[in-house]
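A short worksheet on the structure shown next.
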Amino acid sequence: MENLLDASVEPKNLELESTAIQHLSETRKWTNFLSIMGFVFTGILILVVVFGSSMVSQLSGGAANPALSLIPLVLIAALYFFPIYYLFMFSKFSKQAISDNDPEAFTTSMKYLKFHYRFMGILVIVIFGIYAIIGIAAGVGYLFAR
C-alpha cells in the first residue's frame, strides 16, 4: 500500500504507555480465544469431511462421488486455517512481548497481525470479484433467456 516511512525521515522509537499495553493484553486474550475456537471448528470441519465422505457414498448408493461433494468443505477448511493461524501467532508473540518487554516479539506480533488483515482484505476482494462475475453472468443469462 503506502510507504509510510519516507527515506529522508529517520524512524522514531515507539514506546507504549501502560494503557496501550493493557489494551494489547486484553486484545491478545480475545485473539487467543478466537484462534483456538477457529482451530477447533476447523478440526470439526475436517472430521465432517472425513466422515461425511462415507455418509455421502452410503446415502447415494455409491452413485455419487463423495470427493466432489465435499471439495467445498475442504477448500473452506484450508482457507479458514491461515487467518486463524496468523491470529494465533499474533496472540503468542504479543503475550511474549508484554511479559518479557521484548520489542522484537512485539514487531513479530505486529507482522502476524498484518498478515491476518492482509489475508482477510484479499479474501474480501476475491469474494466481491466472484460476486461481480456471478452478477454479470446472471444478467447476461437473463438477457439471452428472454
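A short reminder: the numbers here are calculations on the coordinates, not readings from a lab. Nothing here was measured: the structure is a model prediction, and the numbers come from that model. Positions of Cβ are backbone-derived with ideal geometry, glycine not excepted, and every protein chain shown enters the neighbour counts.
Between Y117 and E104, full extension at 0.36 nm per residue minus the direct alpha carbon distance yields a gain of 2.7 nm.
Count the net charge of all other residues whose Cβ sits under 10 Å from the Cβ of F93, scoring Lys and Arg as +1 and Asp and Glu as -1.
+2
Between N101, H116, F144, the Cα set farthest toward the positive side of the dipole of region 90-146 (charges on each charged residue's Cβ, about the Cα centre) is that of F144.
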